[in-house]
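Only the coordinates and a few stated rules stand behind these numbers; no lab work does. This one's a predicted model, so the numbers in the text were calculated from it and none came from an experiment. With ideal geometry, Cβ positions are generated from the backbone for all residues, glycine too; neighbour counts draw on all protein chains shown.
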Amino acid sequence: MQQRAICWLGLIAYSLWAPAAWPTPGEYALHVKIGPSFEVQDSQNSFKVGGEFDYELGYGFGFNLATQVGISDDPLFQLIPAVKYNLVYFVPATLYMLAGAGLELYNFEDQALGVRLGSGIVLPMRKPWEFITDVNFFFTPSGVPGNPITFDWLIGIGMRY
């Protein structure tokens, strides 16, 4: 019971300290992300570094453009636009999901269609900074031998304008 009260007090204190999380149409954010990428099939695990651009369209919808580089013996470059939807606004974070398809380059030569499905949380800090973390599932339906499938966990920091 005491731990529950401490959690509620912490949540209330944070909600008073942090700005409102609800994005307005026309806002955009730039994020820098890093994290591990785990291969579900036979390929190699890698470490991903990348950036994202988010643009809020309104009514919970937005546009996302991710650019990432997978660092391993078999390098990977991804440029994937996606549609983003803010599922839940809870004090003061935002839980979102996204889906998209775009360009993947394996070993910087083999082009393929890459599909991204993901979900994450944006936690605003003091304006304009925000913390972001997400889990992504990438798969390549065609274009590369073996049809790679990866599961990524990325964390990052960004600025909202």
Next item on the list: Using a cut-off of 14 Å between beta-carbons, work out the net charge of the residues near Ser142 (Lys and Arg +1, Asp and Glu -1, Ser142 not included).
Entry: -2
Next item on the list: Grab the beta carbon distance between Ser72 and Thr24, set R0 = 41 Å, and tell me the FRET efficiency rounded to 0.05.
Entry: 0.55
Margin query: At 0.36 nm per residue, and after removing the present C-alpha to C-alpha distance, how many nm does the segment from Gln2 to Leu57 gain when stretched out fully?
Written below: 15.6 nm
Check: Given Cα pairs under 8 Å that are at least 6 residues apart, what percent is the relative contact order of region 28-68?
Finding: 37 percent
Margin query: For the ranges 28-34, 64-70, what's the packing order if you count other beta-carbon atoms within 10 Å of each residue, average per peptide, and put the highest first?
Written below: 64-70, 28-34
Next item on the list: Calculate for the chain the 222 nm mean residue ellipticity that helices alone would give, adding -39,500 (n - 2.57) per DSSP H run of length 4 or more and normalising by residue count, nearest 500 deg cm²/dmol.
Entry: -3500 deg cm²/dmol
Check: When we measure straight from the Cα of Lys33, which lysines land under 18 angstrom away, once same-chain ones fewer than 8 places off are left out?
Finding: Lys48, Lys84
Next item on the list: Using R₀ = 35 Å, calculate the FRET efficiency as 1/(1 + (r/R₀)^6) where r is the Cβ-Cβ separation of Phe151 and Val91; round to 0.05.
Entry: 0.75
Next item on the list: With +1 on each Lys and Arg Cβ and -1 on each Asp and Glu Cβ, and nothing else charged, work out how big the dipole of the chain is about its Cα centre, in Debye to the nearest 20.
Entry: 840 debye
Check: Against the longest principal axis of the chain, how steep is helix 2-17, in degrees 0 to 90 to the nearest 10, with axes from Cα atoms?
Finding: 80 degrees
Next item on the list: Mind checking which of Ser37, Met159, Gln78 is farthest towards the positive end of region 2-160's charge dipole, using Cβ charges of +1 (Lys, Arg) and -1 (Asp, Glu) about the Cα centre?
Entry: Met159
Margin query: Among Ile149, Phe131, Gln111, which residue has its Cα furthest toward the positive end of the charge dipole of region 78-157, with +1 on Lys/Arg Cβ and -1 on Asp/Glu Cβ?
Written below: Phe131
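P(r) tail for region 2-160, what percent of Cα pairs lie past 21 Å?
On the way: 5903 of 12561 pairs.
The answer is 47 percent, as a whole percent.
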Notebook entry, point to check: So what is the relative contact order of region 2-160, in percent, for Cα pairs below 8 Å that sit 6 or more residues apart?
Noted result: 22 percent
